[in-house]
1. Within segment 226-242, which residues are in a helix (DSSP H, G or I) and crowded, with 19+ Cβ neighbours inside 10 Å?
2. In the set 367, 375, which member is buried (at least 19 other Cβ atoms within 10 Å of the Cβ), more than 15 Å from residue 110 (Cα to Cα) and not assigned by TED's automatic domain parsing to the domain that holds residue 55?
3. Does any residue of segment 14-21 turn out to be assigned to a helix (DSSP H, G or I) and either in the same structural domain as residue 238 (by TED's automatic domain parsing) or at pLDDT below 95 (or both)?
4. So residue 269 fits all but one of (1) assigned by TED's automatic domain parsing to the domain that holds residue 157; (2) assigned to a loop (DSSP other than H, G, I, E, B); what number is the exception?
5. Any residue that is surrounded by 21 or more Cβ atoms within 10 Å (Cβ to Cβ), under 16 Å from residue 302 (Cα atoms) and within 18 Å of the chain's Cα centre (by Cα) - is there at least one of those in segment 62-85?
6. For segment 49-77, which residues satisfy the criterion of being within 15 Å of residue 33 (Cβ to Cβ), in contact with a strand residue (DSSP E or B) (Cβ under 8 Å, 6 or more places away or on another chain) and part of a loop (DSSP other than H, G, I, E, B)?
7. Report yes if residue 161 is in contact with a strand residue (DSSP E or B) (Cβ under 7 Å, 6 or more places away or on another chain), modelled with pLDDT under 95 and in the same structural domain as residue 225 (by TED's automatic domain parsing), otherwise no.
């Protein structure tokens, strides 16, 4: 019989952890605006290793509801009550940012599943499995240049995700002669964006980029088409999930976005470093969750597991789990991970790069009939 995530979490919370057990706190957004991304992340927990370096792994999973206050509260519970050695989370950038100060305060490494770029005192403790927005934006800029896009309209989330994409587009676009004609924003929970779309269209852009994630990214897209916009529409890698395809349906045909290799794993050449592990993940996920499609967001959590499998044995050479010394050693080991293949690319982390991705971490696709078509 298939073991459910709920059963897994209960067994973690109520089993007596031995002194050497490694405790991992996972805060993901299984409710709220990012739920369509967070649910496959929660599901993936049961596919993570139960033992690393000869030590038992305990996973404590909490929902942060895509809320910054809840994410910070979860992080404090992890460190004060569960005595975790590492925190994984969260699904979206804002709750990920809310966890970071707790990670710093308690000297506990954080692996975020969203492309949160930590700065200052937070940087040494925060590692990110998601691709940088700049890496993904550069692929879109290349496509825009080859399709004679000179004027680009922009509408994005009214939060750090929208801000970071606007920054990346401005910096990269200006260097290639592409001008941003608008900067409209909307909330993750908005039910209408008609006013913003009218303003975007009024600037007469050649194309529009929607800086949003998951299901909410479909709203401005369908509104653009409903109002008669005929130009190219681009999306971020944060939109790449089945809820987005289902909500946008045929209106999404022709949309362009960058994605991680996992999304088109079966179309990758056999020598691509992510193909084997992507197939491993897809096989495990579809076996555990029959009838459910594989999400690149669940795969981010699987990649976090790959990083820990590489780093934990190194940290164990220095200290025992459950101590500050071990958490520091684990942070140091994560910072020196090299050539670790994940479903989303190959990780090479360093004291100056806590993302660790290169161009092997992206592919460009076009949406056709609710499917991702690889652009060669």
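The values are calculated or read from the model by the stated rules, or taken from the named source; none is laboratory data. None of the values given here were measured: they were computed from a predicted structure. For neighbour counting, all protein chains shown are included, and Cβ atoms are generated from backbone atoms with ideal geometry for every residue, glycine included.
1. 237, 238, 239
2. Going through 367, 375 in turn, just one is buried (at least 19 other Cβ atoms within 10 Å of the Cβ), more than 15 Å from residue 110 (Cα to Cα) and not assigned by TED's automatic domain parsing to the domain that holds residue 55: 367.
3. Yes, segment 14-21 contains at least one residue that is assigned to a helix (DSSP H, G or I) and either in the same structural domain as residue 238 (by TED's automatic domain parsing) or at pLDDT below 95 (or both).
4. Condition (1) is where residue 269 drops out.
5. Checked against the condition, which is being surrounded by 21 or more Cβ atoms within 10 Å (Cβ to Cβ), under 16 Å from residue 302 (Cα atoms) and within 18 Å of the chain's Cα centre (by Cα), segment 62-85 yields no hits at all.
6. Answer for segment 49-77, where residues must be within 15 Å of residue 33 (Cβ to Cβ), in contact with a strand residue (DSSP E or B) (Cβ under 8 Å, 6 or more places away or on another chain) and part of a loop (DSSP other than H, G, I, E, B): just 64.
7. Answer is yes for this residue.
Listed here are the residues, each with its yes/no results for (1) crowded, with 16+ Cβ neighbours inside 10 Å; (2) within 20 Å of the chain's Cα centre (by Cα); (3) in a loop (DSSP other than H, G, I, E, B).
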| residue | (1), (2), (3) |
| --- | --- |
| 265 | yes, yes, no |
| 276 | no, no, no |
| 280 | no, yes, no |
| 312 | yes, no, no |
| 336 | no, no, yes |
